[in-house]
Amino acid sequence: MPSLQDRPRVAVDGLLRLEGDLVAVLRRNDPFRGLPALPGGFVELGESTEEAVVREVREETGLETRVVRFVGVYSDPARDPRGHVVSVVYELERTGGELRAGSDAAGVVRLNLADVPRLAFDHSRIVAEWIRA
């Protein structure tokens, strides 16, 4: 039987509009250092994916949010060069806080949804599919 290290890790990503723009973070760390990415991260033991996405968005952007809807699960084993990571993606809405970079984000940016640049991981695909939905 494989060890826990031989299994996929579970992450979350948040899609959040702020005054019509998409909130993204600039990655401080590899992989994809310097590229914009959806705010998100790994689910902690004992935490639901909904709790994790709200926590990660708060830690990375300073914004308080609530889950609006489930968007999808992204599980391509090659989506993260660090290993097999399955991401559960949610659309969120702001409930408070001030936009500021925190934790492992080098910065926080607002992206025009009509002209989204290349994003880290498979986040460009996630955003494109979310816009079309």
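Listing for the model above:
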| item | result |
| --- | --- |
| Asp115, sole failed condition from (1) in a loop (DSSP other than H, G, I, E, B); (2) modelled with pLDDT of 95 or more; (3) surrounded by 13 or more Cβ atoms within 10 Å (Cβ to Cβ) | (3) |
| Condition broken by Ala106, with the remaining ones in (1) surrounded by fewer than 16 Cβ atoms within 10 Å (Cβ to Cβ); (2) at pLDDT below 95; (3) out of contact with any Leu (no Cβ under 6 Å at 6 or more places or on another chain) satisfied | (3) |
| Output for the stretch 110-133, where each listed residue is among the β-branched types (Val, Ile, Thr) and over 13 Å from the mean Cα position of the chain (by Cα) | Val116, Ile131 |
| Matching residues, the stretch 83-96, being in a strand (DSSP E or B) and surrounded by 13 or more Cβ atoms within 10 Å (Cβ to Cβ) | Val85, Val86, Ser87, Val88, Val89, Tyr90, Glu91, Leu92, Glu93, Arg94 |
| Residue count, the stretch 42-66 (criterion: within 19 Å of Leu99 (Cβ to Cβ) and free of Cβ contacts under 8 Å to residues at least 24 places away in the same chain) | 1 |
| Of all residues making up the stretch 22-41, the number that are surrounded by 14 or more Cβ atoms within 10 Å (Cβ to Cβ) and either more than 19 Å from Glu98 (Cβ to Cβ) or over 15 Å from the mean Cα position of the chain (by Cα) (or both) | 9 |
| Any hit, the stretch 52-72, residues being closer than 17 Å to His123 by Cβ, among the β-branched types (Val, Ile, Thr), surrounded by 14 or more Cβ atoms within 10 Å (Cβ to Cβ) and in contact with a helix residue (DSSP H, G or I) (Cβ under 8 Å, 6 or more places away or on another chain) | yes |
| From the options Asp80, Asp76, residue that is surrounded by fewer than 17 Cβ atoms within 10 Å (Cβ to Cβ), under 21 Å from Glu129 (Cβ atoms) and either at pLDDT 95 or above or among the β-branched types (Val, Ile, Thr) (or both) | Asp76 |
| Odd one out for Val127 among (1) touching a Pro at 6+ places or on another chain (Cβ under 9 Å); (2) part of a helix (DSSP H, G or I) | (1) |
| From the options Ala24, Ala37, residue that is touching a Lys or Arg at 6+ places or on another chain (Cβ under 7 Å), aliphatic (A, V, I, L, M) and under 21 Å from Ala106 (Cβ atoms) | Ala37 |
| Subset of the stretch 97-106 [part of a strand (DSSP E or B) and either among the aliphatic types (A, V, I, L, M) or within 23 Å of Trp130 (Cα to Cα) (or both)] | Ala105, Ala106 |
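The values are calculated or read from the model by the stated rules, or taken from the named source; none is laboratory data. All values derive from a computational prediction rather than experimental measurement. Positions of Cβ are generated from backbone atoms using ideal geometry, with glycine treated the same way; all protein chains shown enter the neighbour counts.
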